[in-house]
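Asks: Input: one structure, supplied below.
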Amino acid sequence: MQDGNETNSQPLTGLPHLVASSVSSGDITSIDADTVVVNLFQGVTSPGGATGAVDRALGGTISELIEAGDITGKPGEVTVLYSGGAISARRVLVVGLGREEKFDLEAVRRAAARAALRARELGSERLATIAHGAGIGGLDAAQAAQATLEGALLASYSFGGWRREAQQAPQLEQIVLVESDVSRLGQIEAGARAAKATARGAALARDLVNLPGNVVNPAYLVDRAREVAQSTGMRFRHGDSAWAEREGLGAFLAVARGSRNEPAFIELEHNADRKDLPLLVLVGKGITFDSGGLSLKTQEGMVTMKGDMGGAAAVLGAMQTIAELDLPVRVLGLCACAENMPDGNAFRPSDVLVAGSGHSIEVISTDAEGRLALADALWYAQRFQPSAVIDIATLTGSSVVALGAGVAASLFSNDRGLTAGLEEAGAGTGERVWHMPLFDEYRKSIESKVADLKNTGGRQGGVGTAASFLEAFTDYPWAHIDMAGMEITRTGEGSPYIPHGGTGFGVRLLVSFVRQWGEANA
């Protein structure tokens with residue numbers, strides 16, 4: 001492992017944009033902003049709270065539009081009103097929250113996201129919003145504030161890449177959370193801090209997935225991990241191929257053999273000196289580009305493979321957020337990073353590899369490479385005597401077939417507590433996971449005649465056989481999240497806070513789980 005400070009970052013001609021944010025105490029009608037956001041539940045005929053205050057200042061305009069049926073409060077509805085000088089802001093957005101009985105934190109995030117997107121379309125620069133649901137919605141004020149600002153920030157994220165016109169596109173410059181009740185201001189500020197740190201972590205993961213493979217290689221991920229460590233005070237180490245050779249990580253090394261880019265094994269640790277705390281390990285698959293190796297993918301299948309390091313991106317983003325929030329937990333992030341390419345040195349179908357654990361592996365497909373890198377990472381994790389390990393990876397197309405692209409990630413685990421915690425975190429963040437079985441039949445399908453295991457059991461049941469393969473390298477409480485189909489979207493449709501391109505999936509899920517896990521193990 002190395003601790004050097006030199007970087008290999010490649011300069012970019014386009015940079016992502018993340019909006020500034022703050023909290024303000026006061027009345028939404030007098031806040032210094034060009035646009036203010038209030039809300040309405042479906043079925044409400046007489047608005048109250050901040051919406052009622054704005055309605056009164058506008059001479060009952062909102063009530064009139066409700067009575068006329070022009071404002072309904074339905075989910076996704078955003079009504080634009082102009083104040084005519086009746087309040088400080090030039091315009092008012094009334095965003096629909098849907099039915100009160102179905103209202104939750106995800107509804108808050110979506111409403112805030114739609115309002116932020118509409119404000120950007122209108123050319124707003126400074127947007128002020130109340131914390132949706134913190135009043136009559138009955139949500140915890142801190143959670144409502146976090147969800148409101150999180151949704152607005154995630155929706156406002158943009159990545160222009162190298163397009164010159166993207167640099168001139170209109171952008172929000174600031175989002176202000178406004179709270180009139182001084183007694184709740186501390187909760188609102190706590191929620192805002194969490195939202196900003198989480199959005200920054202998600203933005204990091206989105207950046208890494210959005211950037212192409214000629215920029216993001218294993219060395220680039222090392223540089224970004226080093227920057228995260230330097231800015232947060234985390235312990236950082238990384239190993240190259242020579243280190244991996246000494247450690248005997250034969251499965252991991254095989255994946256990188258066909259690439260001119262050196263592999264990298266990254267360690268980031270928060271609260272590394274707190275040996276009194278139980279250790280949670282997060283493991284991310286960092287295949288920076290997956291051609292399929294000699295088992296070459298189709299041209300169409302290769303297009304999104306710059307995102308095959310989405311698991312490592314999620315771990316790096318989550319570790320940054322965990323450290324920024326200084327959560328009272330000890331967490332180690334491991335990222336096994338390599339590029340899977342087909343040159344004359346590449347590993348072949350029918351090769352037999354020996355992993356660090358001593359397991360021999362018959363290679364059936366070189367396109368089932370992510371589980372090889374993860375196998376060595378999961379085995380390596382055991383030396384730290386973890387209380388629990390969670391790996392996250394874009395592992396199988398079978399998960400997409402089973403659950404749908406952009407719908408949910410597959411969850412496998414040998415521990416009920418981990419399963420329940422991740423399901424709860426997924427429901428709370430909107431980054432859903434669905435518990436899948438680890439049937440004995442899956443293990444039988446990866447039995448080999450010439451080695452201990454095969455690296456794939458075929459297309460049928462592929463999501464289960466991949467998880468069973470990984471389980472063979474664990475001897476601790478463990479969960480596996482197959483996030484294939486969740487890391488990138490080509491359309492930007494679905495959730496309003498998920499843009500075209502990298503989604504940042506996994507960051508908010510893992511941070512929420514870690515927060516809950518820390519509280520349970522305090």
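Read the figures in this text as sums done on the coordinates, not as results from a lab. Everything quoted here is computed from the prediction, not taken from an experiment. Methodologically, a virtual Cβ is constructed for each residue, glycine included, from the backbone with ideal geometry; neighbour enumeration extends over all protein chains shown.
Asks: Per 5 Å bin, what is the whole-percent P(r) computed from every C-alpha pair distance within the stretch 162-321?
Replies: 1, 7, 13, 16, 16, 15, 11, 8, 5, 4, 2, 1, 0
Asks: Return the FRET efficiency for the residue pair residue 407, residue 235: r is the Cβ-Cβ distance, R0 is 45 Å, and the value is rounded to the nearest 0.05. Please list the in-between numbers first.
Replies: Details: r = 36 Å, r/R0 = 0.81.
For residue 407 and residue 235, the calculated efficiency is 0.80.
Asks: Gain in length, residue 190 to residue 521, computed as 0.36 nm per residue apart minus the alpha-carbon separation, to one decimal in nm? If you can, show how the numbers build up before the last one.
Replies: Details: separation 331, 0.36 × 331 = 119.16 nm, distance 2.18 nm.
Stretched out fully, the residue 190 to residue 521 stretch lengthens by 117.0 nm.
Asks: Mind giving me the FRET efficiency for residue 246 and residue 303? R0 is 35 Å, r the Cβ-Cβ distance, nearest 0.05 is fine. Walk me through the intermediate numbers first.
Replies: Details: r = 37 Å, r/R0 = 1.05.
Result of the calculation: an efficiency of 0.45.
Asks: Jot down the per residue volume, in cubic angstrom and as a whole number, of the convex hull over the alpha-carbon atoms of the stretch 403-522. Could you put the intermediate results ahead of the total?
Replies: Details: hull volume 13.6 nm³, N = 120.
Taking only Cα atoms, the stretch 403-522 has a hull volume of 113 Å³ per residue.
Asks: Continuing with this model, one more query. Based solely on its DSSP helices, what 222 nm [θ] is calculated for the chain when runs of n ≥ 4 H residues each add -39,500 (n - 2.57) and the sum is averaged over all residues, nearest 500 deg cm²/dmol? Show your work: numbers first, answer last.
Replies: Numbers: 16 runs with 186 residues, N = 522.
Calculated mean residue ellipticity at 222 nm is -11000 deg cm²/dmol.
Asks: Give the lysines whose C-alpha is closer than 19 Å to that of residue 444, dropping any in the same chain fewer than 8 places away, or say none.
Replies: Qualifying lysines at Cα under 19 Å: 454.
Asks: Something else about it: Listed highest first by mean packing, meaning other Cβ atoms within 10 Å per residue, what order do 296-302, 398-404 come in? Working shown, then result.
Replies: Details: 296-302: 11.4, 398-404: 19.1.
Highest-to-lowest ranking by the protection proxy: 398-404, 296-302.
Asks: For the stretch 52-96, what are Rg and Dmax over the alpha carbons, in angstrom?
Replies: Using the Cα atoms of the stretch 52-96, the pair Rg, Dmax is 10.2, 29 Å.
Asks: For the ranges 237-244, 253-260, what's the packing order if you count other beta-carbon atoms within 10 Å of each residue, average per peptide, and put the highest first?
Replies: Highest to lowest by the protection proxy: 253-260, 237-244.
Asks: If you count, for each residue, the other Cβ atoms within 10 Å and average over each peptide, how do 37-45, 191-199 line up from highest to lowest? Can you show the working numbers first?
Replies: Working: 37-45: 20.8, 191-199: 24.0.
Result, highest mean first: 191-199, 37-45.
Asks: Rounded, prolate or oblate, given the Cα gyration tensor of the stretch 153-240, with a/c below 1.5 counting as rounded? Please report the intermediate quantities before stating the final value.
Replies: On the way: a/c = 3.92, a/b = 1.40, b/c = 2.80.
Cα axes put the stretch 153-240 in the oblate bin.
Asks: Separation between the residue 460 and residue 435 pseudo-spin-labels, each 7 Å from Cα along Cα→Cβ, expressed in nm?
Replies: Computed distance between label sites residue 460 and residue 435 equals 2.7 nm.
Asks: Oh, and also: Can you tell me what share of the DSSP beta bridges in the stretch 229-358 is antiparallel? A percent to the nearest 5 is fine.
Replies: Numbers: 12 of 23 bridges.
Of all bridge pairs located within the stretch 229-358, approximately 50 percent are antiparallel.
Asks: Further question: Figure the gain on full extension for residue 163 and residue 136 (residue separation times 0.36 nm, minus the Cα-Cα span) and round it to one decimal in nm. Mind dumping the intermediate values first?
Replies: Details: separation 27, 0.36 × 27 = 9.72 nm, distance 4.42 nm.
The residue 163-residue 136 span can extend by a further 5.3 nm.
Asks: Extension gain residue 260-residue 273, at 0.36 nm per residue separation less the Cα-Cα distance, in nm? The partial results should precede the final answer.
Replies: Numbers: separation 13, 0.36 × 13 = 4.68 nm, distance 3.65 nm.
Between residue 260 and residue 273, full extension yields an extra 1.0 nm.
Asks: Let me ask another. Which of these values of Rg/Rh (Cα atoms, Kirkwood Rh) was calculated from the structure shown: (1) 0.95; (2) 1.01; (3) 0.98?
Replies: Computed from the coordinates, Rg/Rh (Cα atoms, Kirkwood Rh) corresponds to (2).
Asks: With θ set to phi - 60° and the Karplus curve 6.51 cos²θ - 1.76 cosθ + 1.60, what are the ³J(HN,Hα) couplings of the stretch 440-448 in order, to the nearest whole Hz, using x for Gly and Pro?
Replies: For the stretch 440-448, the Karplus curve yields 4, 4, 5, 5, 4, 6, 10, 6, 10 Hz.
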